[in-house]
1. Treating only the Cβ atoms of Lys and Arg (+1) and Asp and Glu (-1) as charged, compute the dipole magnitude of the chain about its Cα centre; round to the nearest 20 debye.
2. Once Rh is set to the Kirkwood radius over Cα pairs, what Stokes-Einstein translational diffusion coefficient, in µm²/s, holds for region 251-405 at a temperature of 20 °C and a viscosity of 1.002 mPa s?
3. Over region 82-212, calculate the relative contact order: mean separation of alpha carbon pairs under 8 Å at least 6 apart, over the residue count, as a percent.
4. Counting pairs of alpha carbon atoms under 8 Å apart in space and at least six apart in sequence, what relative contact order in percent does the chain give?
5. Looking at 207, 90, 326, which one has the Cα that reaches farthest to the positive end of the dipole of the chain (charges on Cβ: Lys, Arg +1; Asp, Glu -1)?
6. Please give the FRET efficiency for residue 1 paired with residue 125, using the beta carbon to beta carbon distance and R0 = 41 Å, rounded to the nearest 0.05.
7. How are the alpha carbon pair distances in region 170-322 distributed across 10 Å bins from zero to the largest one, expressed in percent?
8. With r defined as the distance between the Cβ atoms of residue 78 and residue 293 and R0 fixed at 56 Å, what FRET efficiency is calculated, to the nearest 0.05?
Amino acid sequence: MYDFAIIGGGIVGLATAKAIGKRYPNAQIVVIEKEATIASHQTGNNSGVIHSGIYYKPGSFKAKFCRDGSRSMVEFCREHGIAHEVCGKVIVATQAEELPRLENLYQRGIENGLQLEKLTSEQVREIEPHVQCTAGIRVFTTGIVNYRQVAQKYVELVTAQGGELQLGTKVTNIETRSDFTVLTTNKGTIATHFVINCAGLFSDRIARIGKTDPQARIVPFRGEYYELTPEKRYLVKHLIYPVPNPNFPFLGVHFTRMIDGSVHAGPNAVLSLKREGYHKTDINVRDLTEVLTYRGFWKLAAKHADEGIKEMIRSVSKAAFVQSLQQLIPEVTADDVVPTHAGVRAQALQADGKLVDDFLIVPGDRALHVCNAPSPAATSSLEIGKAIALAIPQQSHLESTLVQV
């Protein structure tokens, strides 16, 4: 019998196990992951950015957890010798009509307590000589890291605390009994006093089999990237982002220098035909049917039809993708970029067509369900884990071991 079972071996699930182990040192904790390795999906296929928190609504979980998480993530990497760099980034307006949005973004960042600097186009070029823009913002606290390495360190700390990790173990049913819960898996049953669902792309399904309605459905969006050829990496010194469209949930194609020295360009954002569909040809009938029969998706599609069409064109046309990149760096040509990995974002969508724009943690029967944790969840993982540990109702059989954090 376990005290806590965490479903999902991504960075949020592992950070949660670490935080619970610290709060309840004598607790029996198990992390259940359906893949053969940890961090196989959102954690292992993102751009590796330590986000600052500039984009998020002041007072929201994303704003607070990301701001605090960028600091705690850097401290964690320093403490454990994980390669990282606080290199900063520039957000630039390439057209005059974007200047009011750039100013609004600056004010939001100030409200979120960030260290920022307004830049003229000349000042932007001092930082990023190849960028063409009208004005910009310098965000000092943005960094880069390999989140797979962070997740692996979380595993080491969880197991050192006495926690267990069960790989290749898929949860297929959740049955709540009088004083404990039974998880049915492909490798047998697991009994636990409390469940934390951190299943990412399948978090809504896990919640529902646990008899909890998250009032939203996960819709998968694939983000496709190109990579600058090695001889053209000099074009990007740090991170370069456009001013995002506030009516669209994604940040637009941008340039990200990775911790290994490579430079990725993207992503676009297109509907994935499979929840774990990293290729254009990946299709799952159940996943696709769920999306196409969900009225929330059609409301979202109608609202963002113009942007959605642009994203689809970028997905099938390298020339269109490169044109978007040239708005930031005109020197980039189609010969300078090659396709690289894609990631899939688990985005919760409500039936009214509104995207859930904050982290969403839904209580269940002796359970907590993390039903929306896309970017910046990796940056925020330590803070999300702490919040979940504090949100767990105190278990009477563990109160004597509780450590205040």
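Laboratory data are not the source of any read-out in this text; all were calculated from the coordinates shown. All values derive from a computational prediction rather than experimental measurement. We place every Cβ from the backbone using ideal geometry, glycine too, and count neighbours over all the protein chains shown.
1. 560 debye
2. 114 µm²/s
3. Taking the mean separation of contacting Cα pairs over the length of region 82-212, I get 21 percent.
4. This gives 25 percent for the chain.
5. Checked the options; the winner is 207.
6. According to the calculation, E is roughly 0.10.
7. Histogram of Cα-Cα distances, whole percents per bin: 9, 28, 28, 20, 12, 2, 0.
8. Given R0 = 56 Å and the Cβ-Cβ separation, E is 0.70.
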